[in-house]
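For reference, the structure is listed below as structure tokens.
The values are calculated or read from the model by the stated rules, or taken from the named source; none is laboratory data. Just so it is clear, the structure is predicted and the values come from calculations on it, not from any experiment. Counting neighbours? That spans all protein chains shown, and the Cβs are built from the backbone with ideal geometry, glycine included. Please note that ligands, DNA and RNA were not included when accessible areas were found on the heavy atoms of the full protein model with its side chains. Shrake-Rupley method; radii C 1.70, N 1.55, O 1.52, S 1.80 Å.
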Amino acid sequence: MRRSTPGVKILQYVILVIATIFALYPVWFAILASGRAGGRLYTFNLLGMFIPVEWTWENYRVMLLGGQPFLQWMRNSLFIAGVTTVVCIVVATSAAFAFSRFRFKGREAGLIFLLAIQAFPGVLALVPQAQLLTAIGLYKNPWGLVIAYTSFTLVFCTWNLKGYFDTIPIDLEEAGMIDGCGPIQSFLLIGLPLARPALAVTGLFAFMTGWGEYALASVIIPAPDSAKTLMVGMYKIANEINIPWGYFAAGAVMVIIPVLLVFLYLQRYLESGLTLGGVKG
Amino acid sequence: MVGWSGRRKALTILLFIAPTLIGILIFSVYPILYNTFISFTNRGMYHPNPDCTQTLTSIFEPSCWPMFRARAPKGIGQPYTVQTPFYGNYAALVGKLFTKESMVALLFVLIALLPLWGARRLNQHYDRQLTRPVSSFVVWLGGIIGVILLAWVLKLPQQFAVLMKAGDFFVVTIRTILYVAICIPLFFIVGLTLALILNSSDLRGRTAFRVIMVVPWAASTVAIMMSLVWQFFFREQGTINQLLKLIGVQGPAWLNNSTLAFAVIVLANVWYTYPFFMTVILGALQSIPPEQYEAAEVDGANWWDKLTKITLPLLRPAVLPATVLSSITTFQMFGTVWAITQGRPSMGAGVPGATELVMVYAYKQIFQTNAYGRMGAYAVIMFVFLFIATLYSLRVTRITKGAYE
């Protein structure tokens, strides 16, 4: 394509370096705080804001081994987010398949409806959602959260998958049908394997929703301590009288790291798998 | 798809869509209906409990449904009832808008925005011609200058002041619209700049930079933690001010100044959201065939021509849906703002704080004053507004068209 002149090259790197600092520094700051003794998030030691002048594993030790049921929270959240991901992918794939491959009355209206319904402010929907889950007896039950999170992410998942399915040439599946597959079978055997990037990205977002949601979880599973999800547990730490920021930061770093690793692993799928609107050539 | 039709097809489609439909109906549509009902009642601190003997309540309140009756809350407070007049909550929120003074102010504001609409129509007109006398950029610039001129002639700040007096509702709504209008272009500009750089094939360390740039996205899972970090950067003794002190400048108290605090929540939101835009744009950039640029270069186009005449138009279909979605989420921004400023700095007693966006305001009202009924009305107004905006933008972007139409 274009070859850049040295001046442009330098400008590009200057922008990239600034952007790198902008992107990484807040996370780096949290990592530094997690290794600081004394339970403070903040430091007035200027150097300590940029490099680890003091480093201790004490915060991590306390979070993992002493006092806090951090590992239990992590297990609860892993369960909820994991099941949400699986359920969401199955449900959204079937809907996205129908929206992409079938022509039926109300198809377009249905898609618009899905998106427009998102315009309702989430914070304000909390009260009825919590009441509903309580009424059907899913109060203090992780499955209640799984059901709720699945429907939270359904719109995004359906749209994203539908967009990607649209980019897979239907001829491939038709060839399969000539060879004797039914429409569904040919889709499962031919279309779905081609949609791997979109499935990966969709799954990632479903997982992140379950992993990071706080408001509903705090209403549905407020107690006991060991049944809480990660976010609710972390908030609890952040709301103690003398906030042990060091513990909090150590916990936050351990919450980010798994997501970050999954993100990095799925990085190659991100650009191709994110197809809102199905406009790829 | 070929091969089948009739009852069997309809049944299959239903089977495929049913789980999604049920989930959406229960967790999205039902809360909307419920909120609409509550918005007509006086539910609040003094009337918290349902009265299942009332027909409407027994329909909307899940704990009143026969199968769940056993779990109905039995508190001591008064049961809530439908208000008389039933639109009481709405009148309290937006009633003052319907005075002569406010209507005139609103009219002036709308008139001041006319040049933008004119610019859009003019651009559409030029698009239909074979050649355009001026580029679309110039037309938009003219529109913006027109708005500024009209704003000056019509004394717009004064009109806004009149509107603000019509209630908290307008204060927070206008402020939130301003927030969205500032955030979205920033998302786009930062995302586009980085995507363009990272898309150049002869860049060393391209993969590494791509990975680094999406870190904020992954970190947004623990938005509360990262927002507290952002808050610390801008505290009076925070990182920024300590750095400023090194070069001999006394930094301002960022979070106590209404304008600066607003800028801080914009910046934090840009940090969270630019990776999304960057990724969407990168994906779209890769689907632009390089021949287009080669052909343009043969015709003597410089990089600005290539950007405005090839890249941007071809990015449009991918960026618009992302913009629509981000506009909705930014409009409903809550967690980040709550963690950084909690709506502060205060603008006086009984008035929303300088960074109190609509959701922050609603959250405070619901969970601090328990004004469920009032906030139900608030939610319904917000919903109607965003719903119309979404439908309009869908029509403009045409993203519901399938790949084979």
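Candidates in the range B:12-44 are the residues that are among the hydrophobic types (A, V, I, L, M, F, W, C) and under 10 Å from B:Gly373 (Cα atoms); of these, the one that is most open to solvent (accessible area, probe 1.4 Å) is B:Phe40. Among the criteria (1) surrounded by fewer than 21 Cβ atoms within 10 Å (Cβ to Cβ); (2) at pLDDT 80 or above; (3) within 11 Å of chain B (Cβ to nearest Cβ), the one A:Ala227 does not fulfil is (3). Kindly indicate whether any position in the range B:174-185 is modelled with pLDDT of 85 or more, surrounded by 15 or more Cβ atoms within 10 Å (Cβ to Cβ) and within 14 Å of another protein chain (Cβ to nearest Cβ). Yes, the conditions are met somewhere in the range B:174-185.
In the range A:101-151, the residue that is farthest from B:Leu394 (Cα to Cα) out of those that are of a type in the set (Gly, Ala, Ser) and within 7 Å of chain B (Cβ to nearest Cβ) is A:Ala135. Checking the range B:310-333 against the condition returns no match, with no residue being aromatic (Phe, Trp, Tyr) and free of Cβ contacts under 8 Å to residues at least 60 places away in the same chain. Is it true that A:Gly110 is over 22 Å from B:Pro321 (Cβ atoms) and either part of a helix (DSSP H, G or I) or in contact with a His (Cβ under 8 Å, 6 or more places away or on another chain) (or both)? It is false that A:Gly110 is over 22 Å from B:Pro321 (Cβ atoms) and either part of a helix (DSSP H, G or I) or in contact with a His (Cβ under 8 Å, 6 or more places away or on another chain) (or both).
Listed conditions (1) open to solvent by 20 Å² or more (accessible area, probe 1.4 Å); (2) at pLDDT 85 or above are all met by A:Gly38, apart from (2). Taken over the range B:45-58, the criterion of being within 13 Å of chain A (Cβ to nearest Cβ) and either outside any loop (DSSP other than H, G, I, E, B) or open to solvent by 30 Å² or more (accessible area, probe 1.4 Å) (or both) is satisfied by B:Pro48, B:Asn49, B:Cys52, B:Thr57, B:Ser58. Scanning the range A:239-261 for residues that are surrounded by 17 or more Cβ atoms within 10 Å (Cβ to Cβ), under 22 Å from the mean Cα position of the chain (by Cα) and among the hydrophobic types (A, V, I, L, M, F, W, C) yields A:Phe248, A:Ala249, A:Ala250, A:Ala252, A:Val253, A:Met254, A:Val255, A:Ile256, A:Val259, A:Leu260.
Taking the residues in the range B:227-254 that are more than 14 Å from chain A (Cβ to nearest Cβ) and either under 30 Å from B:Asn199 (Cβ atoms) or aliphatic (A, V, I, L, M) (or both) as candidates, determine which candidate is most open to solvent (accessible area, probe 1.4 Å). The residue in question is B:Val249. Based on this model, can you work out whether A:Ala215 counts as within 11 Å of another protein chain (Cβ to nearest Cβ) and within 26 Å of A:Arg36 (Cβ to Cβ)? Here the answer is no, as A:Ala215 does not meet what is asked.
Is it fair to say B:Thr273 is crowded, with 19+ Cβ neighbours inside 10 Å, β-branched (Val, Ile, Thr) and touching an Asp or Glu at 6+ places or on another chain (Cβ under 7 Å)? So B:Thr273 fails the test. Only one of the listed residues (B:Ile281, B:Ile310, B:Ile265) is β-branched (Val, Ile, Thr) and within 11 Å of chain A (Cβ to nearest Cβ). That residue is B:Ile281.
Residue by residue, here is whether (1) more than 22 Å from the chain's Cα centre (by Cα); (2) under 18 Å from A:Tyr265 (Cβ atoms) holds:
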site: A:Gln185; (1), (2): yes, no
site: A:Gly191; (1), (2): yes, no
site: A:Ala206; (1), (2): no, yes
site: A:Trp211; (1), (2): no, yes
site: A:Tyr214; (1), (2): no, no
site: A:Val219; (1), (2): no, no
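Here is the figure for the range B:287-307: residues that are closer than 30 Å to A:Leu115 by Cα and in a helix (DSSP H, G or I) total 0. Only residues that are of a type outside the set (D, E, K, R), assigned to a helix (DSSP H, G or I) and within 30 Å of B:Lys306 (Cα to Cα) were counted across the range B:93-147, and they come to 22.
Screening B:Ala362, B:Ala318 for residues that are at the interface with chain A (Cβ under 9 Å from one of its Cβ atoms), part of a helix (DSSP H, G or I) and modelled with pLDDT under 80 leaves exactly one candidate, B:Ala318.
For first residues located in the range A:244-256 and more than 8 Å from every other protein chain (Cβ to nearest Cβ), partners that are outside any helix (DSSP H, G or I) and lie 6+ apart or on another chain with Cβ distances below 6 Å form the pairs A:Pro244/A:Gly39; A:Trp245/A:Gly39; A:Trp245/A:Arg40; A:Trp245/A:Leu41; A:Gly246/A:Arg36; A:Gly246/A:Gly39. Suppose the filter is buried (at least 20 other Cβ atoms within 10 Å of the Cβ), at pLDDT 75 or above and not polar (S, T, N, Q); does B:Phe98 pass it? No: the conditions fail for B:Phe98.
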